[in-house]
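Read through the structure below, which is laid out as structure tokens, and then see the notes.
The values are calculated or read from the model by the stated rules, or taken from the named source; none is laboratory data. Predicted model, so just to flag it, every value in this text is computed and none were measured. No Cβ is skipped: glycine too gets one built from the backbone with ideal geometry, and neighbour counts run over all protein chains shown. Heavy atoms of the whole protein, side chains included, go into the accessibility calculation; ligands, DNA and RNA do not. Shrake-Rupley method; radii C 1.70, N 1.55, O 1.52, S 1.80 Å.
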Amino acid sequence: MISAIANIVRRFLLGAVSLTLVLSSLQREATAELSVLLDPTATLLAELIRVDTSNPPGHEGSIADLLAPRFRTLGFEVDIIPTPEPGKSHFVARLRGDQSKRPVLLAAHADVVGVEREKWTLDPFGGVIKDGFVFGRGAIDFKGGMAVFARAVMMLAEKKIPLSRDVIFLAEADEEGGRYNTTWLAQNHWPKIDCEFSLNEGGWIIKGNDGRVLYVSISTADKLSIPFILTARGTSTHSSMPRPDSAIFALGRALAKLADYETEVKLIPSTRQFFLTLAKTASPPISDYFRNLTGDDPKLVKQADQEISKDPLLHAIMRNTIAPVLLNAGFRGNVIPGSAEATINVRIIPGTDPIDIVHELQRVIGDPRIDVRLGALSPGALTAQASSEDTDLFRALERQARSLYPGAEVTPYLFQAGTDAAAWRSRGVPVYGIYPYAIDSEDLSRMHGNDERVSVQSLQQGTRMIYQTLVDVAGRR
């Protein structure tokens, strides 16, 4: 009898212990989930995503309305700068320092590209926080960066950090396309955004398959987006009587030649250093290809190019790229048009002369009936200079990146696309680009795509890195 009672007590105690362990585990999971849901950067990002600023039309003024009271409450001087287009404005918040040094500026664009809603599994403007990620259009490009930058500068005010320089936060309009972008802002309101140096979107913090950060790239220059117009001309006549000088056929043959053409590898110093850095993070044979690409042996460079170019991003940053983007020909089904036109978007390496590209396209096409001309350029596009690595801001960002991601390589970088940095770089102001959160190849593939996302942990780390960078570069010692 006593033995039976003892067994019952033992089973009860074991059950109680098991229940305690289960409850403890559930409590830890709930606490972790709650910390994700309540993270201030993730929460702000979710709110920003819920404001649909797809451009066109943008309506970035709604972001200014969301942010203004929060910054004012913390003591920032706030300016909402309207553009001539209703609903489109730029937001500027300035936290005053003692002005013994010139300002540092953090710029983030408020507009996003549109979506194919039917291809998303979640509401692209729902700002859903799920499975440790914030989902929605702009999560990576660039409302995630806006949330990180905003929280970092807010923390300076919340913690009452004494500042030697003003810290300016800018949420801008029309970066994804439009007339009233930072070029317009700089032309009309330069004193509001004048600074010693700036942070913007650009370089990457890339994770490997094991979740470890492999490298942090800080962009010091952007490829330039240059339009070239190809025009073919022929005889306009009835479609029942085709002639051999069809403008559309001629244009098609020209485009086919461009499709089969590959531009040569062209490395600038930052790109060369970037590939040497990748060689340190990779294993053979790819590490050898990265090193060979920067060498002088044409045969090894060609072989390395073929292998490395399998990655579209790496292919893009080591050469001028050619992409057809617009076609215009014909107006009726029974008329052969007298002309046909294609717009070619060439992303050129800084230092490339666009006229040289005109001659290159003419040579490849090899048809005098095809006219090749340079399209309209954005003001300041060709005068933007690569930013020096010899500044307090670059060194501070590099230092904090190494501290946050021990063992990761840090390198300057040529950004493969365009940003709005030319408004500053064309005036001699250094701009450094970074997407301030660690992502992997899966996350990167969703950018401008479907189910765009960024992890809450990466947002937390990025906020810490940018905050410490600002304390380093703007804090009064």
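If only residues of region 446-477 that are assigned to a helix (DSSP H, G or I), aliphatic (A, V, I, L, M) and within 17 Å of the chain's Cα centre (by Cα) are counted, the one that is farthest from GLY97 (Cα to Cα) is LEU459. Every test in (1) within 26 Å of SER388 (Cα to Cα); (2) of a type outside the set (Ser, Thr, Tyr); (3) surrounded by 15 or more Cβ atoms within 10 Å (Cβ to Cβ) is passed by PRO124 save one, and that test is (1).
With the structure loaded, tell me whether PRO324 is assigned to a loop (DSSP other than H, G, I, E, B) and surrounded by fewer than 18 Cβ atoms within 10 Å (Cβ to Cβ) or whether it fails that test. When the stated conditions are applied, PRO324 does not pass them. Looking at region 45-52, can you tell me whether even one residue there is modelled with pLDDT of 95 or more and closer than 23 Å to TRP184 by Cα? Yes, the conditions are met somewhere in region 45-52. In region 388-404, the count of residues that are within 16 Å of ALA221 (Cβ to Cβ), free of Cβ contacts under 8 Å to residues at least 12 places away in the same chain, part of a loop (DSSP other than H, G, I, E, B) and acidic (Asp, Glu) is one or more. THR343 satisfies every condition listed in (1) of a type outside the set (Gly, Ala, Ser); (2) modelled with pLDDT under 95; (3) touching a Leu at 6+ places or on another chain (Cβ under 6 Å) except (2).
When the test is whether a residue is touching a strand residue (DSSP E or B) at 6+ places or on another chain (Cβ under 7 Å), open to solvent by less than 80 Å² (accessible area, probe 1.4 Å) and modelled with pLDDT of 95 or more, PHE290 does not pass it. Please indicate, with yes or no, whether at least one residue in region 86-96 is closer than 15 Å to LEU45 by Cβ, open to solvent by 20 Å² or more (accessible area, probe 1.4 Å) and of a type in the set (Gly, Ala, Ser). No: zero hits. Just one of the numbered conditions (1) touching a Gly at 6+ places or on another chain (Cβ under 9 Å); (2) free of Cβ contacts under 8 Å to residues at least 24 places away in the same chain; (3) not acidic (Asp, Glu); (4) not in a loop (DSSP other than H, G, I, E, B) is not true of LYS257: (2). Based on what the data block shows, is ARG137 modelled with pLDDT under 95, assigned to a loop (DSSP other than H, G, I, E, B) and touching an Asp or Glu at 6+ places or on another chain (Cβ under 8 Å)? Here the answer is no, as ARG137 does not meet what is asked. Just one residue in the set ARG453, ARG395, ARG476, ARG427 is open to solvent by 20 Å² or more (accessible area, probe 1.4 Å), farther than 13 Å from ILE205 by Cα and in contact with a Leu (Cβ under 7 Å, 6 or more places away or on another chain); that residue is ARG476.
Here is the figure for region 142-178: residues that are closer than 20 Å to VAL51 by Cα and open to solvent by 10 Å² or more (accessible area, probe 1.4 Å) total 5.
When region 293-321 is filtered for residues that are part of a helix (DSSP H, G or I), open to solvent by 40 Å² or more (accessible area, probe 1.4 Å) and under 30 Å from LEU374 (Cα atoms), the ones remaining, listed by number, are LYS302, GLN306, PRO312, HIS315. Per the listing LYS101, LYS160, the residue uniquely in contact (Cβ under 8 Å) with a residue 60 or more places away in the chain, more than 23 Å from GLY418 (Cβ to Cβ), of a type in the set (D, E, K, R) and outside any strand (DSSP E or B) is LYS101.
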